[in-house]
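Take a look at the structure set out below.
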Amino acid sequence: MPEYDAVVIGAGNGGLTGALTLAKAGRKVLLLERHNVPGGCGTSFVRGRFEFEAALHQLSGMGSQERPGPLRAILNDLGVMDKLEFVEMENLYRVVWPDTFDITLRAQRDAITETLQDRFPKEKDNIPRFFDLVYGFSMEMIQGLFFKDPNISKEKYPLFFKYALIPTQKVLDEYFRDPFLKAVLSIYWSYAGVPPRWFSFGDFAIMLFAYIEFKPYHLKGGSQALSNALLDEFINNGGEARFNCGAQKIITSGGKVTGVKTEQGDTVQTRSVLSNASMLQTYLDLMDPEQVPKETLESFRSTSIGPSAFSIYLGFDCEPDEIGIQETTNFIAITTDMDEAFARWKTLEQQGVALLTCYDVSDPDFSSPGTCQAAYVTLQYGDPWNLVPPHQYYDAKYRYAEGMMGLAEKVFPGIRGHVEEMEIATPMTHLRYLGHLGGAIYGRDHYAKDTQYFMANTSPVQGLYFAGAWASQGGFQPTLTSGRSSAKAILKSMAKK
Amino acid sequence: MSLKDVIHDIEGYQNIKSEIEVLKKYGFDHGARRGQFDAILEMLHPKSLRLRVSEIIDETKTTKTLRMVPVQGYLPPFQAGQYISLVVEVGGVVTSRDYSISSSPSQIGYFDITVRRVGDGFVSEHLLEETKQGDEFTSSAPAGNFYYNPLIHGRDLVFIAGGSGITPFMSMIREVTGRGLDRRIHLFYGCQWPDDIIFGQEIDDLSRRHADFTCTTVISEPPVGYRGHTGFITARLMQEILGGLSEKMFFLCGPEAMYAFCREELKQEGIPERKMRTEMYGPPRNVTTCPGWPEHIDADARVSVSMKGGETIMVRSTEPLMNSLERHGIAIPSLCRSGECSLCRTKLLKGRVFQPEGVKLRKSDRQFGYIHPCMAYPISDIEILLP
C-alpha cells in the first residue's frame, strides 16, 4: 500500500498552500481533488469570449513590494510570486443607494476622512475619532495577538480588550447618528457575511484597516492564476496531485489517522490528513460515525452553516465607460437597515444589498479588447433553495436574477442591452462546485461566538488537521493563510516524533 | 502569559461563553446532516445518470428517437437546448457522444435523444442499428450553454437549424408551446432533401395551433418539382419572411458550414455578436484545413504520446488526442468534446499540440501548459500528465 507523509483533501486555497508548504519541506504529499481544476473558489470559467472570475473580488493583505502585507510574505515564501502579476486597486469602494446617495471612498485613510467629512458635515468630528479607534484597535491587535506578546494584558492593550467582541453596530451607534454614514462605513459586512449587529468589532476593524493599509488587489489571469501557480509549484516540489478524485473515507484507528480511501477505491497509508473540505462534512461524511468523538459533533451545535452567494457573471460587448461603470467595486443597496438586508439572505425575496465588481476598471487587459465583465453578487443562504422543487429550479433562478438585474439597472441604466454572456450561479451551484452544504462559501457563520477566541481548529482525532474557511474565516487571505499555518502545525508534530 | 490566560478579560467574553454552553445543549444537531450533501446534489446535479431505453421511435429513414427513462430515481431538471453525453462501447472502445435532449423540460419522466446516421459515424450507426428497447446506458447529467435566457434574449426569437441541429430547438419549441410561454419563435429549418425533415408532422401541427410559432423549411437539394423554399438560409430569405431582423435573437445549431454561412449573413445585416447564440459542433471534420494547421504535417502523420509514469502510445496527428487515448483504453473525463467545458483539462509536459481557434482555454491554463485533449491534436511527440 502506498504511503504518504500527508494527504491533503481538497485543492482549494487552504489545501493548495498547505500541500505546497508540506511538499516544500520535503514531505511526500498526495493532494486529492474531486473537481478537475484546482482552486475551489479560486477559479474561473470560460463562456464565449469571456473568462469569468468566479470568486475573488478584492484580495486583502497583499501590500506593495515596498510595504508587503502578510499575504505577500506567504506567497513569497511559497515561491509563486514570480509567476504572478498583481494589480492594485486605487479605490476601496463605491456605495450607492439608487437616486438617494452615492459615494466613493479611496483606499487611503486621510482621503476617506476628508470625503466623509465633506459629505457628512454634521459628523465632522466623529469621523476622525472613529478612524483613530479602528487604527488604534488594529495596532493593538497586531502587536498583542498576531505577534503573540507574552505580556498581553488588559492594561497594556485597552482597546483590544474593550472592543474585540463588541458588536460593530454598537460602536457605530456610539460614534454616529446618520444611517447612511454608518452603512457606508460598515458595508463590508455584506461581503464578509455577518450583519453589523453580529459582526464583532475586532473582525470588522481589522478588515477595514487591512484593506485601507494594504490596499485591495487583484491579479492578472484572476484567482485561477494563483491556484494554478500554487499547484504548479507543488508539482515541481515533488507533490502528487489527483484530480477528479476526492477522498471517500479518512481511516482512523484508536483515535489516530492511519490512511485515506479515495473515490477511485484505492487506499493509501498516512498519519496526517489536512482536510480542506468542510470541517462539518469531514466528520459527518468522511469518517465512520463511531470514529468521531461525541464531543466533537456536540461542539458544532453552537454553530450554523454560513451564507452562500447568488452570483451573476456578466460579459459585456463594450468598455466599462459605455455602461457607466467607473469603479471596480460597487456596492448597491436599497436600504440602510442592514438587519433587514441581512434577513433577506434567508429568503428568495428581492435582495437588499449587492456588489458589482468590474475588474476591467483596474485592469484594462482583464477581458478582451472592446469587452468587459462584471461579477455581480449578493450573499444568500442555501436554505431557501433547498425548498425549491428541482423542476422549478431554473424558473426560480431566473426570477431571482431578474430582481438583481433590475437593481443594477437603477445604477447603470442600459446595462442589460450590452450583455453578451451571462451565467448565473445560485447557492446550489456553489454547493455543487465547492462540495459544501448550503453552498457555504465562508464555512460556518462567523458571529462573535464563532471567532478564534472560542473555536478550536484542532481536532481530537490525532493527525487530522483543517484548512479553509471552516478552520479560520472566509475569504482568500484567511483561507490561504490557514493552509499554511495548519501545514506548519503538521510539520511541527512530525518533527516531534 | 499568553492570551489564553487573560482571555476572560475581553469585554463580553463571559456572556458569549455562556451563550455557547446553552447552544451546545439546545442548538441544532448537525449529525442529522449526515449524507445530506449527496442527496441534495443527486436531485439537481447528479454526477452521472443510468438510463434505460423505454421506446424507440422511427423519425425518418435515417433518424430515430431513443426515449430514455431513469433506471432508478428521478431525472434532474435541464434547460431546453442542453445535451447529455452518452457513454457508448463500440467494438471494444469506450467513448462518448453528446446528444441534445429533444423532449421538453416539462416532460419529467423521460429524456428523448434523437439520433441521425452520420456518414462515417460508428457511434450513430451503433445507436441506430444495435440498440434495443430495454438497453441501458450511462450518461452525464444535462449540460451545455445553448439555451434561452429570459433576462437578455427578449421574446422575439429566430431559430436556425441545419439537419439534426433541429434537436435542441425541438425541446425549446415543445416547452414554449406546451407551457404557453410569452415568446415568439420563427424556425428556419434547413435540410438536404424533403424526406430528411425530422419532426415534420409535429412542427406543422404546432405551427397551426400556435400563432406565435411559425416555420420555414429550406431544402438545399430539392427534387424536381419541389415547390417550397430551396437553397440556403440567406439573410435575404430571413428579411423576406420576417420583415426586419433587428431586435430579434438568433439561435443557430447545425453543421460547421451552416454556421460560417449564416453567421456571416447575419453580420452583414448588422446583427451584433450578442444577438447570436451558436451551439458548439465538436471537432472539425478535417483539422488540416483549419487556419493555423502546420502545413508540413500531413493527414497520415503519426507521433508518440507518453503518459508520465505510464505507457507510450502511437497516435495520428489528425485525430483529437482524447479519441486516440480512448482507442487505447485510456479514459479521461469528457463532456462537451468541443474544447469548451474544460473537463478533460490535461497538462502537457513536453512537445506541441495544435488547438483550433475556438478552443476555450483559460488564460492561466495556457500559461501553465494545460490543453483540452478533446480538441488538441499532437503535432510532435508529446508527454502528458493524466489528470
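Things worth noting here:
- For B:Asp196, the stated conditions hold: it is assigned by TED's automatic domain parsing to the domain that holds B:Met172, under 18 Å from B:Thr62 (Cβ atoms) and charged (D, E, K, R).
- Residue check for A:Lys397: within 11 Å of chain B (Cβ to nearest Cβ), modelled with pLDDT of 95 or more and surrounded by fewer than 22 Cβ atoms within 10 Å (Cβ to Cβ): yes
- Residue within the range A:269-277 that is within 19 Å of A:Tyr433 (Cβ to Cβ), within 12 Å of chain B (Cβ to nearest Cβ) and out of contact with any Cys (no Cβ under 6 Å at 6 or more places or on another chain) present: yes
- In the range B:202-261, the residue that is farthest from the chain's Cα centre (by Cα) out of those that are of a type in the set (A, V, I, L, M, F, W, C) and assigned to a loop (DSSP other than H, G, I, E, B) is B:Val224.
- Considering the range B:169-227, and only residues there that are at pLDDT 95 or above and on the phi > 0 side of the Ramachandran plot, the residue that is surrounded by the fewest Cβ atoms within 10 Å (Cβ to Cβ) turns out to be B:Gly180.
- For A:Gln248: the one exception among (1) touching an Asp or Glu at 6+ places or on another chain (Cβ under 9 Å); (2) surrounded by 19 or more Cβ atoms within 10 Å (Cβ to Cβ); (3) more than 11 Å from every other protein chain (Cβ to nearest Cβ); (4) not aliphatic (A, V, I, L, M): (2)
- Residue match in the range B:137-152 (condition: in a helix (DSSP H, G or I) and outside the structural domain of B:Arg337 (by TED's automatic domain parsing)): no
- Qualifying positions in the range A:370-385 - part of a strand (DSSP E or B) and β-branched (Val, Ile, Thr): A:Val377, A:Thr378
- Of the strands (runs of 3 or more DSSP E) lying entirely inside the range A:279-369, those containing at least 1 residues that are within 19 Å of A:Ala440 (Cα to Cα) and of a type in the set (S, T, N, Q) are A:308-316.
- You will find that of A:Glu66, A:Glu51, the residue that is in the same structural domain as A:Arg271 (by TED's automatic domain parsing) and crowded, with 17+ Cβ neighbours inside 10 Å is A:Glu51 and no other.
- Single unsatisfied condition, B:Ala211 versus (1) touching a helix residue (DSSP H, G or I) at 6+ places or on another chain (Cβ under 7 Å); (2) closer than 21 Å to B:Phe169 by Cα: (1)
- The residues listed here are B:Ser334, B:Ser342, B:Ser338, B:Ser364; of these, the one that is hydroxyl-bearing (Ser, Thr, Tyr), under 18 Å from A:Leu231 (Cβ atoms) and under 17 Å from the mean Cα position of the chain (by Cα) is B:Ser342.
- Being farther than 30 Å from A:Met338 by Cβ and of a type in the set (Val, Ile, Thr) is a description that does not apply to A:Thr115.
- Answer residue from the range B:360-387, given it is hydrophobic (A, V, I, L, M, F, W, C) and in a loop (DSSP other than H, G, I, E, B) and is nearest to B:Ala299 (Cα to Cα) among those: B:Ile379
- Taken together, the residues in the range A:128-171 that are more than 13 Å from chain B (Cβ to nearest Cβ), surrounded by fewer than 19 Cβ atoms within 10 Å (Cβ to Cβ) and over 21 Å from A:Met338 (Cβ atoms) amount to 7.
- Condition check for B:Gly339: on the phi > 0 side of the Ramachandran plot and surrounded by 23 or more Cβ atoms within 10 Å (Cβ to Cβ): yes
- Restricting the search to helices (runs of 4 or more DSSP H) fully inside the range A:160-267 and requiring at least 3 residues that are under 28 Å from A:Asn13 (Cβ atoms) and touching a residue at least 40 places away in the same chain (Cβ under 8 Å) gives A:189-192, A:201-214, A:222-236.
- The one condition in (1) buried (at least 20 other Cβ atoms within 10 Å of the Cβ); (2) closer than 27 Å to B:Ile16 by Cβ; (3) of a type outside the set (Gly, Ala, Ser) that A:Glu174 fails to fulfil: (1)
- Within the range A:247-268, the only residue that satisfies the criterion of being more than 30 Å from the chain's Cα centre (by Cα) and closer than 17 Å to A:Gly435 by Cβ is A:Gln264.
- The C-beta contact set for the range A:423-440 (first residue facing chain B (nearest Cβ under 9 Å), second residue in a loop (DSSP other than H, G, I, E, B) and not charged (D, E, K, R), distance under 6 angstrom, 6+ apart or interchain) comprises A:Arg432/B:His45; A:His436/A:Ser278.
- Elements of type strands (runs of 3 or more DSSP E) contained in the range A:1-82, each with 3 or more residues being under 25 Å from A:Tyr359 (Cβ atoms) and in contact (Cβ under 8 Å) with a residue 12 or more places away in the chain: A:44-47, A:50-53
- The numbered conditions (1) within 11 Å of chain B (Cβ to nearest Cβ); (2) without any contact (Cβ under 8 Å) to a residue 60 or more places away in the chain are all true for A:Asp450 except (2).
- Here A:Thr115 qualifies as part of a helix (DSSP H, G or I) and touching a strand residue (DSSP E or B) at 6+ places or on another chain (Cβ under 9 Å).
The values are calculated or read from the model by the stated rules, or taken from the named source; none is laboratory data. No experiment lies behind these values; they were computed from the predicted model shown. All Cβ positions, glycine included, derive from the backbone under ideal geometry; neighbour counts span all protein chains shown.
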